[in-house]
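Report on the structure given below.
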Amino acid sequence: PASEYRSLRDGAVALAAIVHVAAGVALTAPFRAASPHVHPGAFAPILNAVVLPVVLLSGILLPMQLAPNWLYQLSRVNPFSHVVDAERAAFLGDFDSRAVLVGGLVTIALVVVASFWGTRTFQRENA
């Protein structure tokens, strides 16, 4: 049982790492694609103005179930909240939960959209 627990835990950690990398790509690719059009001095405030609400509404710091209902409902619009829920479920070993499925699909969709957007932007700049 202990070795099974360790292998499940290791799998959950590996899955969480993969999801983190994919979410990072999905979050940063659009900003990199837009950066040639933004003055370098203005990039940090723009990035913070977008990233801070996304992080706070994702439930990374505190579970959004502890928030008031209106804030919880608002966080459900944030795709990263589904990714965080999937990571929590996977870390607890609940790989067959709906949260893992939804979070995985959302992560894949974010990576596809961000990669398409970034590739298209770079192709336009180099054309």
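Computed quantities for the displayed model
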| item | result |
| --- | --- |
| Matching option when the condition is more than 13 Å from the chain's Cα centre (by Cα), under 24 Å from A17 (Cβ atoms) and of a type in the set (K, R), among R124, R98, R120 | R98 |
| Residue match in region 98-111 (condition: at pLDDT below 90, among the β-branched types (V, I, T), surrounded by 13 or more Cβ atoms within 10 Å (Cβ to Cβ) and not in a helix (DSSP H, G or I)) | no |
| Test result for P79, crowded, with 19+ Cβ neighbours inside 10 Å and at pLDDT 85 or above | yes |
| Conditions (1) in contact with a Lys or Arg (Cβ under 8 Å, 6 or more places away or on another chain); (2) at pLDDT 85 or above: number failed by G118 | (2) |
| Restricting region 112-127 to residues that are of a type in the set (A, V, I, L, M, F, W, C) and in a helix (DSSP H, G or I), the residue that is nearest to G24 (Cα to Cα) | A114 |
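The values are calculated or read from the model by the stated rules, or taken from the named source; none is laboratory data. Source: prediction; values computed, not measured. For neighbour counting, all protein chains shown are included, and Cβ atoms are generated from backbone atoms with ideal geometry for every residue, glycine included.
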